[in-house]
Structures are given as C-alpha cells and as structure tokens.
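Working notes, beginning with the structure itself.
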Amino acid sequence: MDYLVKALAYDGKVRAYAANTTDTINEAQRRHHTWPTASAAIGRTMTATVMMGAMLKGENKLTVKIEGGGPIGAIIADGNAKGQVRGYVSNPQVHFDLNEHGKLDVRRAVGTSGTLSVVKDIGLKDHFTGQTEIVSGEVGDDFTYYLVSSEQVPSSVGVGVLVNPDNSILAAGGFIIQLLPGTEDAVIERLEKRLSTIEPISKLIEKGMTPEEILEEVLGEKPQILETVPVEFSCNCSKERFANGIISLGKAEIDDMIEQDGQAEAQCHFCNETYVFTKEELEELREELTR
C-alpha cells in the first residue's frame with residue numbers, strides 16, 4: 001500500500017518527506033493509458049505534489065501545473081493534506097527512446113522553456129500562487145528550484161518512476177529534504193555529499209525500501225518519524241458536479257443538446273470517468289432552470 005512519512009532529522013534542523021506512490025501512479029497510468037515517458041512525467045509530478053500536499057493542514061489543497069513547451073503539453077496535478085492526489089497530461093501517448101543515461105527522456109517530453117506554477121487553497125479568500133521557470137524539465141530539479149525560489153526554503157526533491165515492458169508501473173516514489181533556519185554548515189555539507197552519491201530514488205523503491213528506509217539512506221541517520229499518511233489516487237468528480245456544469249450553460253445550450261444529440265457526455269480530465277446524461281435527465285436539468 002502506498003504511503004508517505006513526515007520526519008525530522010539532525011536535531012530538528014532538517015524536515016523530510018518520503019513516499020511510495022507505485023500503486024497511485026499505476027492507477028493514473030491505467031486511467032489515462034500513458035506511454036512510458038509520459039508516465040514518468042506525470043508520476044514524478046504527482047509524487048512531488050502529494051508530498052507538498054503533506055506540508056498543508058486540514059482541508060487545504062494545492063494544484064501544480066507544469067508547462068514546459070514539450071510535446072507532452074501541460075501536466076496538472078491536485079493534492080491535499082490527506083495524501084490524496086490526482087493528475088493528467090495533455091498528451092498521454094508520448095514516448096521517446098531512452099536518453100544518453102539510459103533513462104526515460106522526461107526532459108524531452110516536458111520541455112525546458114516554460115513554467116511550474118503552484119496554487120494553494122488554504123481556506124482564505126485569496127489563493128497563494130507561486131511560479132518559477134522550468135530549469136531542467138526533469139521535474140525533480142524543477143520542484144527543487146520552485147521551493148528554493150518561490151517559497152525560500154532550501155530543499156532537495158528526488159522523484160522517480162520505473163515502467164514495466166507492459167507500460168504498467170514497476171516503482172514510483174520520492175523524497176523532499178528541507179533545511180530549516182539555522183542549519184549548521186557541517187550538516188548541509190554532509191547532506192549534499194549524500195545526495196550526490198545515493199542511487200536514484202526509483203532504484204531504492206525497486207529494491208523494496210520503505211519511505212522510512214529511503215529517508216535513512218538519504219539523510220545518513222535514522223529520522224524521527226512524525227506522521228504516516230496513506231497515499232491514493234482520488235478524484236472528487238461526480239455526476240452531480242457535471243450536472244451543475246450543464247445547468248450553468250443555460251436553457252438554449254441544453255435545448256441544443258437535446259435536439260442535436262438526444263443526450264450529453266461529460267468526461268473528467270483527471271480520472272477519465274465518463275458521465276452520460278440521457279434525454280430525460282437533460283430535460284430534468286432544463287426544468288431546474290425554470291423553477
């Protein structure tokens with residue numbers, strides 16, 4: 001089962017998150033029929049998003065959008081404080097040969113000229129919005145740059161996805177390490193050294209390492225685990241929501257649907273669920289407008 005952990009290390013000077021998201025990304029792959037390079041891009045983005053969601057509280061949530069100008073188009077992911085995440089890409093059937101490092105060529109799919117934006121809904125009237133340039137298109141580096149530049153928190157983000165020959169997900173997960181104010185130089189140097197020598201995150205998950213073990217590997221010491229949160233692909237779409245959307249189109253538009261097609265179909269971008277409204281249901285929605 002997928003889950004994430006929140007932890008502290010180095011006498012409370014370092015905050016850390018790690019997640020196994022293999023089943024969650026598998027669900028996204030299954031719903032969107034993504035090809036391997038697209039799976040890696042959306043999987044890395046959703047993994048980082050669910051860990052950033054863990055930084056929030058209560059009913060707060062966030063939306064991440066990556067637009068790097070590459071053939072994959074936009075990558076959108078929603079996460080919240082409860083470990084729930086969903087996501088999609090504009091063009092799910094994107095795949096290339098492996099790059100010069102023998103890895104999925106995520107940079108080529110995502111592109112390198114564009115932005116990563118984060119919108120946080122923290123229950124206030126105005127949402128918090130942060131935006132930074134894409135620096136590598138590899139996703140992890142782009143989240144690192146976002147956290148450092150937009151939220152002014154020195155961070156390191158590692159996210160990875162391994163794909164099976166049948167396109168299903170073999171392993172997915174990630175970590176975020178953040179330095180809190182007052183971290184000594186010796187700690188920073190030690191962490192930098194470890195981060196430069198550890199194996200890729202997806203390899204650690206493929207080995208069967210838990211999020212707790214991944215943090216120990218990255219940090220070089222046993223962290224203090226503060227909380228464990230289950231992670232899942234979760235979409236809050238419903239037929240009722242789409243019905244409200246149809247009502248908002250107005251009577252003339254609904255009349256048109258009834259006359260032209262005798263029904264209406266609505267599909268959720270995030271989970272690919274399709275909702276069909278029969279002629280009778282459309283007539284009922286039209287009735288609601290006149291009540």
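If you go through the range 105-120 one residue at a time, do you hit one that is touching a Lys or Arg at 6+ places or on another chain (Cβ under 8 Å), open to solvent by less than 40 Å² (accessible area, probe 1.4 Å) and not in a strand (DSSP E or B)? Yes: one or more hits.
Matching residues to (1) open to solvent by 50 Å² or more (accessible area, probe 1.4 Å); (2) modelled with pLDDT under 90; (3) not aromatic (Phe, Trp, Tyr):
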| residue | (1), (2), (3) |
| --- | --- |
| 143 | no, no, no |
| 155 | no, no, yes |
| 165 | yes, no, yes |
| 171 | no, no, yes |
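Scanning the range 35-56 turns up no residue that is modelled with pLDDT of 95 or more, surrounded by 17 or more Cβ atoms within 10 Å (Cβ to Cβ), in contact with a Leu (Cβ under 9 Å, 6 or more places away or on another chain) and in a strand (DSSP E or B). Restricting 206, 221, 227 to residues that are closer than 16 Å to residue 51 by Cβ, in contact (Cβ under 8 Å) with a residue 24 or more places away in the chain and out of contact with any Cys (no Cβ under 8 Å at 6 or more places or on another chain) narrows the list to 227.
Cβ-Cβ under 8 Å, sequence separation 6+ or interchain: first residue in the range 161-186 and closer than 17 Å to residue 17 by Cα, partner in a loop (DSSP other than H, G, I, E, B) and of a type in the set (Lys, Arg). Which pairs? Cβ pairs passing all conditions: 179/13; 180/13.
Output the helices (runs of 4 or more DSSP H) that fall wholly within the range 182-291 and possess 1 or more residues being within 29 Å of the chain's Cα centre (by Cα) and surrounded by 13 or more Cβ atoms within 10 Å (Cβ to Cβ), or say none. Walk me through it before giving the result.
Numbers: elements: 185-197, 201-206, 211-219, 239-249, 251-260, 279-290.
Correct list: 185-197, 201-206, 211-219, 239-249.
The values are calculated or read from the model by the stated rules, or taken from the named source; none is laboratory data. Note that the structure is predicted; figures quoted are calculated from it, not measured. Glycine also receives a Cβ, built like all others from the backbone with ideal geometry; neighbour counts cover every protein chain displayed. Only protein heavy atoms, including side chains, enter the accessible area calculation; ligands, DNA and RNA are left aside. Shrake-Rupley method; radii C 1.70, N 1.55, O 1.52, S 1.80 Å.
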